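Below is one structure; the comments refer to it alone.
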Amino acid sequence: MEVFVIGLTIFVLAVFVGFEVITKVPPTLHTPLMSGTNAISGITITGALLSAGSEHTLLTTILGVSALVFATINVVGGFMVTHRMLDMFKKKGGRS
C-alpha cells in the first residue's frame, strides 16, 4: 500500500509539473519541443515493446501494449502537428 501511495504521489506531481511546463512554453518553441517529445516517445515505444514481449505477467503485457498504443499516438500526432506548423512557414507559390 505504501508503494502505491508513493507511486500515486509521484504521478500527481509529474502531471502538475508537466502541465505547468507546457502552459509556460511560448508558441515559437512548440515545434522544437514537439520534436523532443517525439524522440522521448520513441524511447517509450522501445520500452513498451520490451515490456509487452517479456511476458512476465498479464499485467506487464497489458501495460506494455497500452504504453505502445499511447506512445504511437503521440508520435504520429506530433509528426502531424510539426508538419502542419512547417507548412505555415513555407512561402506561398514557391517550390516545396
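The values are calculated or read from the model by the stated rules, or taken from the named source; none is laboratory data. Every value quoted in this text rests on a predicted model; they were computed, and no experiment measured them. Backbone-built Cβ (ideal geometry, glycine too); neighbour counts: all protein chains shown. The protein model used for the area step is the full one, side chains on, heavy atoms only, and it has no ligands, DNA or RNA in it. Shrake-Rupley method; radii C 1.70, N 1.55, O 1.52, S 1.80 Å.
Yes or no: Thr23 under 17 Å from the mean Cα position of the chain (by Cα) and in contact (Cβ under 8 Å) with a residue 12 or more places away in the chain?
For Thr23, the condition - under 17 Å from the mean Cα position of the chain (by Cα) and in contact (Cβ under 8 Å) with a residue 12 or more places away in the chain - is not met.
Quick check on region 44-61: of everything there that is in contact with a helix residue (DSSP H, G or I) (Cβ under 9 Å, 6 or more places away or on another chain) and open to solvent by 90 Å² or more (accessible area, probe 1.4 Å), which residue is modelled with the lowest pLDDT?
Ranking the qualifying residues of region 44-61, first place goes to Glu55.
Give region 64-96 a look and list any residue that's hydrophobic (A, V, I, L, M, F, W, C) and open to solvent by 100 Å² or more (accessible area, probe 1.4 Å), or say none.
Hits for region 64-96 are Phe70, Ile73, Phe79, Met80, Met88, Phe89.
Do we have any residue at all in region 33-44 that's in a helix (DSSP H, G or I) and over 25 Å from Phe89 (Cβ atoms)?
yes
Here are some residues: Thr37, Thr28. Which one is loosely packed, with under 10 Cβ neighbours inside 10 Å, of a type in the set (Val, Ile, Thr) and modelled with pLDDT under 90?
Thr28
Looking at (1) farther than 30 Å from Phe89 by Cβ; (2) hydrophobic (A, V, I, L, M, F, W, C); (3) touching a Ser or Thr at 6+ places or on another chain (Cβ under 6 Å), which is the one condition that is false for Leu59?
(3)
Leu68 - would you say it is more than 17 Å from the chain's Cα centre (by Cα), touching a residue at least 12 places away in the same chain (Cβ under 8 Å) and more than 25 Å from Val25 (Cα to Cα)?
Criteria not met by Leu68.
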